[in-house]
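Contents: one structure, followed by commentary.
Any read-out appearing in this document is the output of simple, stated calculations on the displayed coordinates, not a laboratory observation. This structure is a prediction, so every number in the text was calculated from the model and none was measured. Heads up, the Cβs are rebuilt from the backbone with ideal geometry, glycines too, and the neighbour counts pull from every protein chain shown.
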Amino acid sequence: MKEAELTDAERLRITEAFERVPYAKLIGIEVGQIERGTATLHLNIREELKQNNSIVHGGVIASLLDTAAAFAILTVLEANETTTTIDLTIHYLRPLGAGRASAHARVLRAGRRVIVVSVEVMDEREALAATALTSYLRLT
């Protein structure tokens with residue numbers, strides 16, 4: 001059975017939510033495609049995001065993963081619900097040094113209290129750079 005498409009009101013809520021995340025703006029995360037249970041976010045790699053070996057800092061990749069997961073989750077929440085990350089396990093598979101990275105997040109299970117999401121970060125050639133499994137706790 002196909003999941004219901006997002007309504008215009010839900011899309012507006014998600015857009016407005018992204019506008020309220022100053023940290024995402026600070027590092028340059030951009031919204032790509034958002035559908036029910038999934039989100040794709042992008043990040044243009046800049047010198048300011050690199051560590052001393054001229055590759056993107058792991059914390060930046062973690063931020064991209066976590067933000068993509070949060071927006072995939074937002075598509076399955078009611079308007080009055082909020083969540084917070086309770087764990088984030090990342091596997092860094094290849095360094096990112098230039099170009100544009102994309103994070104693809106997919107809700108695996110949206111339980112009554114815990115939501116589990118899988119996220120992959122790809123480089124601009126679609127090579128897998130990192131994977132993550134994360135859980136969020138429903139707060140309200």
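In the set (1) more than 14 Å from the chain's Cα centre (by Cα); (2) charged (D, E, K, R); (3) assigned to a strand (DSSP E or B); (4) more than 16 Å from Tyr136 (Cβ to Cβ), Glu48 fails one condition alone, (3). Ala70 fulfils the conditions (1) part of a loop (DSSP other than H, G, I, E, B); (2) out of contact with any Leu (no Cβ under 9 Å at 6 or more places or on another chain) except for a single criterion, (1). Residues in the range 64-91 that are within 13 Å of Ser118 (Cα to Cα), buried (at least 17 other Cβ atoms within 10 Å of the Cβ) and of a type in the set (Ser, Thr, Tyr): Thr67 only. Taking the conditions (1) in contact with a strand residue (DSSP E or B) (Cβ under 7 Å, 6 or more places away or on another chain); (2) of a type outside the set (Phe, Trp, Tyr); (3) in a loop (DSSP other than H, G, I, E, B) in turn, Ile61 satisfies each one other than (3).
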